[in-house]
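Reading through the structure tokens given below for one structure.
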Amino acid sequence: MSNPSMNGAKVIIECLKREGVEVVFGYPGGAVIPIFDAILDSSIKLVLTRHEQGATHMADGYARATGKPGVALVTSGPGATNTLTGIYTAQMDSVPIIVLSGQTVTPSLGKDAFQECDTSGMTFATVKHSYLVKDPNDLPRVMKESFYIAKTGRPGPVLIDIPKDVSSGICTAPFADSVDLPGYVVPTRAPAADVEQAASLITKSKRPLLLVGHGAMISGAQKQVLELAELLNAPVASTLLGLGVLPGSHPLSLGMLGMHGTVYANKAVVDCDLIFSIGSRWDDRITGKLDEFCKNAVKIHLDIDKAEHGKVLQPDLFLHGDAKLVLDQLLPMLERLPTDEWIRSIESWKKKYPLSYPKQGGLRMQHIFHTLQEITGGKAIVVTDVGQHQMWAAQFIKPEAPNQFITSGGAGTMGFGFPAAIGASFGNSSGLPVFCISGDGGFQMTLSELSTVAVQKRPIKILVMDNRYLGMVRQWQDMFYEKRYSGVDLEGSPDFVKLAEAYGVEGMRIKRPADAERVLRRALEITDRPVLIHCECEQEDNVFPMIPPGAPISSMIIEPPKAKLEKPTGST
Amino acid sequence: MSHLNPAHSISLLVSNKPGVLVRIALVFSRRGYNIDSLVVSPTLDSEFSRMNIVARGNPDTLVQIIRQLEKLVDVIQAKDHTGESIVERELALFKVRTNSGNRTELLQIASHFKASSLDMSENAMVLQVTGSSEKIDAIKSLLEKLGIVEFIRTGKVIMARGDDKT
């Protein structure tokens with residue numbers, strides 16, 4: 001395709017359009033002015049954020065809500081360094097984002113010029129791939145490759161560092177229609193012999209468990225997972241990032257497993273005779289003490305990333321391929337398993353150990369999420385921050401479809417939730433309401449984006465769960481460090497309603513459990529602008545069930561312990 | 001600790017671009033692998049480079065490292081050749097202190113190992129020796145007795161036998 005000579009910046013914007021980009025989250029600076037200039041003449045919406053970290057989390061939230069790459073545009077030096085947390089967050093959770101960073105002019109590279117930094121060098125360890133473009137004529141190829149790499153295979157962040165003389169220079173190279181990457185092969189189907197072996201292992205199982213992770217969601221395998229679960233009559237446990245692959249209301253759904261998972265999901269892990277992981281990576285939050293994890297169960301691991309094979313544990317069988325395509329290969333080889341007895345045990349655990357919370361005392365986050373679930377029926381896009389509220393949200397909110405529960409899993413990035421919710425709302429074409437659930441700690445890390453949400457009039461409902469503590473750390477100090485609270489008291493937090501109003505955002509308040517439904521319903525009626533709800537929560541509430549870090553799943557704590565606990569052996 | 005682990009000969013075919021070496025080195029360092037030697041060479045196709053790496057570490061971890069190397073966009077092929085029948089060679093230069101008393105012995109050692117003398121002065125001689133890593137280790141231990149001033153070795157270069165490709 002021919003390219004009438006344009007400057008690099010115009011080529012970049014044209015490439016974004018060709019990739020279907022509708023919105024770019026950015027913050028300008030000297031080295032990136034040419035690209036901000038070029039975007040003015042395009043149909044792409046520029047969302048000015050208030051911090052570059054916010055821009056990357058917005059791109060991330062947009063990508064998770066849509067499955068399409070999100071784009072952040074920042075300047076060099078501090079602009080670029082401020083994106084590191086967002087890039088790392090996207091890398092840990094396999095989210096396709098493109099970060100375009102400005103750079104000083106090529107002759108000044110490596111000479112400590114103003115706002116120069118070795119951006120690609122700094123990000124090597126935390127990107128899927130990156131480029132430092134030194135010739136405007138490389139731009140069409142680099143842009144094409146970046147989007148292809150970000151969104152295919154196991155997705156991830158791609159950084160493109162663009163010196164100012166490259167974005168200002170003339171590009172005469174044609175736009176690229178395809179990529180030529182001999183070192184990058186996108187896995188599709190698994191070898192037939194492996195699939196046959198999987199079928200034969202599954203057929204022998206009497207107590208199978210499907211473990212569904214983010215990989216299943218990214219692959220779009222929800223139909224296949226549902227079909228597999230129903231065909232085998234096998235229960236499905238979900239990782240934090242896999243919630244919504246199987247509808248939360250499905251009778252075979254066990255909800256989330258792991259450290260703060262449901263009792264029935266974790267009991268199923270302990271008792272199953274076969275565990276089939278579909279796009280999960282055996283995170284330490286799931287396995288607990290590895291030596292004792294599913295010791296006697298057959299383990300089948302399906303992953304698109306070969307480097308996951310044997311990284312954490314050695315499965316009996318590794319299926320290398322795309323979840324959706326591999327399940328399509330596998331399904332015709334399977335039939336219903338004799339699982340009636342197994343399902344009966346699971347049903348009895350569900351009855352015996354339902355998710356619950358104390359009804360006495362002040363406002364509990366669990367009550368708010370339970371109410372939210374009742375009102376929306378799981379038909380909402382929920383974006384959380386990190387901490388206690390995140391775990392309770394994962395327990396009580398049951399998304400009915402993929403891409404409706406968005407959260408920072410692998411990285412556990414506080415400050416992610418609010419900007420990610422803004423990004424998700426830009427990508428939301430479903431008409432579902434978008435809720436941001438954050439804590440008083442995480443919200444204050446990126447609250448500068450209140451300006452962004454106000455200016456952009458994004459109709460998100462921002463729930464700030466204020467317990468005046470960094471609750472998860474406080475819980476660990478309570479349980480494992482003799483209640484010696486250190487650095488967790490969030491004294492001095494503002495009145496979040498007044499804060500919202502200062503930005504021109506409507507503020508509401510929930511103080512008592514009885515307020516929750518009324519206020520949430522009122523917030524749902526507002527569909528043309530943001531609203532912030534300050535929830536004044538019980539201060540010292542702990543998340544249960546809990547498997548202490550590094551402990552075997554069987555040592556799950558179901559109710560608040562009376563005796564003092566050993567310090568955990570797991571790292572974090 | 002690392003010396004208890006066997007040395008692995010790894011061959012990589014990579015894109016000939018800046019930054020590739022850093023990406024590869026990061027995979028080794030993140031998994032606690034020490035690189036003993038590294039050789040980078042052009043290939044017949046100027047778009048690619050060949051890397052030969054000798055590294056020590058836990059063998060199970062190496063399997064992971066190879067998979068993580070293969071995952072890099074700029075790595076076309078990564079292979080551990082340890083235990084395979086391959087052609088492997090190293091080249092080493094030794095500068096040895098000489099005097100009238102040890103010159104004869106030095107030349108005898110050089111002749112035995114088919115080492116060639118590249119430079120000779122009143123007090124020192126530079127020898128070049130090629131061969132397997134074991135051969136270079138052997139001449140090194142003999143020369144140490146005569147007094148090595150400095151030495152450098154290239155690290156292993158390897159190639160598959162027959163018409164197989166490395």
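Considering only segment A:217-225, I want to know if a residue exists there that is away from chain B (no Cβ under 14 Å), under 23 Å from A:Gly417 (Cα atoms) and either at pLDDT 95 or above or not in a strand (DSSP E or B) (or both). Reasoning before the result, please.
Start the filter on segment A:217-225 by keeping residues that are away from chain B (no Cβ under 14 Å), which leaves A:217-225.
With the extra rule that they be under 23 Å from A:Gly417 (Cα atoms), the set shrinks to A:217-218.
Of the ones still in play, those that are also either at pLDDT 95 or above or not in a strand (DSSP E or B) (or both) are A:217-218.
Checked against the condition, which is being away from chain B (no Cβ under 14 Å), under 23 Å from A:Gly417 (Cα atoms) and either at pLDDT 95 or above or not in a strand (DSSP E or B) (or both), segment A:217-225 yields at least one hit.
Can you confirm whether A:Gly70 is in contact (Cβ under 8 Å) with a residue 40 or more places away in the chain, out of contact with any His (no Cβ under 7 Å at 6 or more places or on another chain) and closer than 18 Å to A:Gly409 by Cβ? Before you say what the answer is, go through the steps one by one.
On the way: in contact (Cβ under 8 Å) with a residue 40 or more places away in the chain: yes; out of contact with any His (no Cβ under 7 Å at 6 or more places or on another chain): yes; closer than 18 Å to A:Gly409 by Cβ: yes.
So A:Gly70 passes the test.
Matching residues to (1) surrounded by fewer than 16 Cβ atoms within 10 Å (Cβ to Cβ); (2) closer than 30 Å to A:Met58 by Cα; (3) more than 14 Å from chain B (Cβ to nearest Cβ):
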position: A:Gln314; (1), (2), (3): yes, no, no
position: A:Leu317; (1), (2), (3): no, no, yes
position: A:Pro332; (1), (2), (3): yes, no, yes
position: A:Lys351; (1), (2), (3): yes, no, yes
position: A:Lys359; (1), (2), (3): yes, no, yes
position: A:Gly362; (1), (2), (3): yes, no, yes
position: A:His367; (1), (2), (3): no, yes, yes
position: A:Thr371; (1), (2), (3): no, yes, yes
position: A:Lys379; (1), (2), (3): yes, yes, yes
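State all residues of segment A:58-76 that are closer than 19 Å to A:Gly427 by Cβ and in a loop (DSSP other than H, G, I, E, B); if no residue qualifies, say none.
Correct list: A:Gly67, A:Lys68, A:Pro69.
From the list B:Gly57, B:Gly32, which residue is at pLDDT below 90, crowded, with 20+ Cβ neighbours inside 10 Å and more than 26 Å from A:Leu181 (Cα to Cα)?
That would be B:Gly57, the only listed residue that is at pLDDT below 90, crowded, with 20+ Cβ neighbours inside 10 Å and more than 26 Å from A:Leu181 (Cα to Cα).
Look at segment B:44-75 and say how many of its residues are facing another protein chain (nearest Cβ under 9 Å) and either charged (D, E, K, R) or not in a helix (DSSP H, G or I) (or both).
Result for segment B:44-75: 10.
For segment B:64-113, give me the residue count where each residue is among the polar types (S, T, N, Q), out of contact with any Pro (no Cβ under 8 Å at 6 or more places or on another chain) and under 30 Å from A:His129 (Cα atoms).
3
Quick check: is even one residue across segment B:117-128 within 14 Å of another protein chain (Cβ to nearest Cβ), of a type in the set (Ser, Thr, Tyr) and over 19 Å from the mean Cα position of the chain (by Cα)?
Looking through segment B:117-128, none of the residues is within 14 Å of another protein chain (Cβ to nearest Cβ), of a type in the set (Ser, Thr, Tyr) and over 19 Å from the mean Cα position of the chain (by Cα).
Among the numbered conditions (1) within 21 Å of the chain's Cα centre (by Cα); (2) modelled with pLDDT of 95 or more; (3) not small (Gly, Ala, Ser), tell me where A:Ile286 comes up short.
Among (1) within 21 Å of the chain's Cα centre (by Cα); (2) modelled with pLDDT of 95 or more; (3) not small (Gly, Ala, Ser), A:Ile286 violates only (2).
Pick from segment A:135-162 the residues that are more than 14 Å from every other protein chain (Cβ to nearest Cβ) and in contact (Cβ under 8 Å) with a residue 60 or more places away in the chain: which of them is farthest from A:Ala90 (Cα to Cα)?
Here the answer is A:Pro136.
Just checking, does segment A:317-328 include any residue being within 28 Å of A:Gly215 (Cβ to Cβ), over 28 Å from the mean Cα position of the chain (by Cα) and among the acidic types (Asp, Glu)?
No: zero hits.
Is it true that some residue in segment B:125-133 is hydroxyl-bearing (Ser, Thr, Tyr), surrounded by 12 or more Cβ atoms within 10 Å (Cβ to Cβ) and in a helix (DSSP H, G or I)?
Yes, there is a match, as at least one residue in segment B:125-133 is hydroxyl-bearing (Ser, Thr, Tyr), surrounded by 12 or more Cβ atoms within 10 Å (Cβ to Cβ) and in a helix (DSSP H, G or I).
Right, A:Ser438: polar (S, T, N, Q) and farther than 19 Å from A:Val519 by Cβ or not? Write out each step before concluding.
Numbers: polar (S, T, N, Q): yes; farther than 19 Å from A:Val519 by Cβ: no.
Spelling it out, it is not the case that A:Ser438 is polar (S, T, N, Q) and farther than 19 Å from A:Val519 by Cβ.
Condition check: surrounded by fewer than 24 Cβ atoms within 10 Å (Cβ to Cβ) and away from chain B (no Cβ under 14 Å). Does A:Ile97 satisfy that?
no
Could you please find all residues in segment A:521-572 being of a type in the set (Gly, Ala, Ser) and under 26 Å from A:Tyr485 (Cα atoms)?
A:Gly550, A:Ala551, A:Ser555, A:Ala563, A:Gly570, A:Ser571
Could you tell me whether A:Tyr469 is touching a Leu at 6+ places or on another chain (Cβ under 9 Å) and modelled with pLDDT of 95 or more?
Yes.
Give me the pairs, please: first residue somewhere in segment A:111-124 and within 21 Å of B:Val20 (Cα to Cα), second residue anywhere and assigned to a loop (DSSP other than H, G, I, E, B) and of a type outside the set (Ser, Thr, Tyr), beta-carbon distance under 8 Å, and either six or more positions apart or on two chains.
Note: pairs meeting the criteria are A:Cys117/A:Gly77; A:Asp118/A:Gly110; A:Ser120/B:Gly19; A:Gly121/B:Gly19; A:Phe124/B:Gly19.
Residue check, A:Met122 against (1) aliphatic (A, V, I, L, M); (2) surrounded by fewer than 22 Cβ atoms within 10 Å (Cβ to Cβ); (3) more than 14 Å from chain B (Cβ to nearest Cβ), all met but one. Which one?
The number of the failed condition is (3).
Between A:Arg529, A:Arg518, which is among the charged types (D, E, K, R) and under 27 Å from the mean Cα position of the chain (by Cα)?
Working: A:Arg518 fails: under 27 Å from the mean Cα position of the chain (by Cα).
Being among the charged types (D, E, K, R) and under 27 Å from the mean Cα position of the chain (by Cα) holds for just one of A:Arg529, A:Arg518, which is A:Arg529.
Looking at (1) part of a strand (DSSP E or B); (2) surrounded by fewer than 16 Cβ atoms within 10 Å (Cβ to Cβ); (3) within 11 Å of chain A (Cβ to nearest Cβ), which is the one condition that is false for B:Ser41?
(3)
Look at segment A:22-38 and say how many of its residues are under 21 Å from A:Pro136 (Cα atoms), aliphatic (A, V, I, L, M) and surrounded by fewer than 21 Cβ atoms within 10 Å (Cβ to Cβ).
Here the count works out to 1.
Within 14 Å of another protein chain (Cβ to nearest Cβ), more than 12 Å from B:Ser9 (Cβ to Cβ) and assigned to a helix (DSSP H, G or I) - does that describe any residue in segment B:88-103?
Within segment B:88-103 (the criterion being within 14 Å of another protein chain (Cβ to nearest Cβ), more than 12 Å from B:Ser9 (Cβ to Cβ) and assigned to a helix (DSSP H, G or I)), the answer is no, since none of the residues qualifies.
Taking the residues in segment B:1-24 that are away from chain A (no Cβ under 14 Å) and in a loop (DSSP other than H, G, I, E, B) as candidates, determine which candidate is modelled with the highest pLDDT.
B:Pro6
Any idea how many residues of segment A:434-484 are under 20 Å from A:Ala393 (Cβ atoms), of a type outside the set (D, E, K, R) and assigned to a helix (DSSP H, G or I)?
Summing the residues that are under 20 Å from A:Ala393 (Cβ atoms), of a type outside the set (D, E, K, R) and assigned to a helix (DSSP H, G or I) in segment A:434-484 gives 12.
Considering only segment B:76-87, I want to know if a residue exists there that is among the aliphatic types (A, V, I, L, M), assigned to a strand (DSSP E or B), under 30 Å from B:Asn16 (Cβ atoms) and within 14 Å of another protein chain (Cβ to nearest Cβ).
Step one: list which residues in segment B:76-87 are among the aliphatic types (A, V, I, L, M), which gives B:76, B:78, B:86-87.
Those left that are additionally assigned to a strand (DSSP E or B): B:76, B:78, B:86-87.
With the extra rule that they be under 30 Å from B:Asn16 (Cβ atoms), the set shrinks to B:76, B:78, B:86-87.
Among the residues that remain, those that are also within 14 Å of another protein chain (Cβ to nearest Cβ) are: B:76, B:78.
Yes: one or more hits.
Here's a check for you: in segment B:27-38, which residue that is among the hydrophobic types (A, V, I, L, M, F, W, C) and either part of a loop (DSSP other than H, G, I, E, B) or more than 11 Å from chain A (Cβ to nearest Cβ) (or both) is farthest from A:Lys311 (Cα to Cα)?
B:Leu38
Looking only at segment A:277-310, how many residues end up being part of a loop (DSSP other than H, G, I, E, B) and closer than 26 Å to B:Val75 by Cβ? Explain how you work it out, then say what you get.
Taking segment A:277-310 and keeping what is part of a loop (DSSP other than H, G, I, E, B), we get A:279-283, A:288-289, A:293-297, A:304-305, A:309-310.
Now restrict to residues that are closer than 26 Å to B:Val75 by Cβ: A:279-283, A:304-305, A:309-310.
Total meeting the criteria: 9.
The values are calculated or read from the model by the stated rules, or taken from the named source; none is laboratory data. Nothing here was measured: the structure is a model prediction, and the numbers come from that model. Ideal geometry is used to build each Cβ from the backbone, glycine not excepted, and the neighbour counts take in all protein chains shown.
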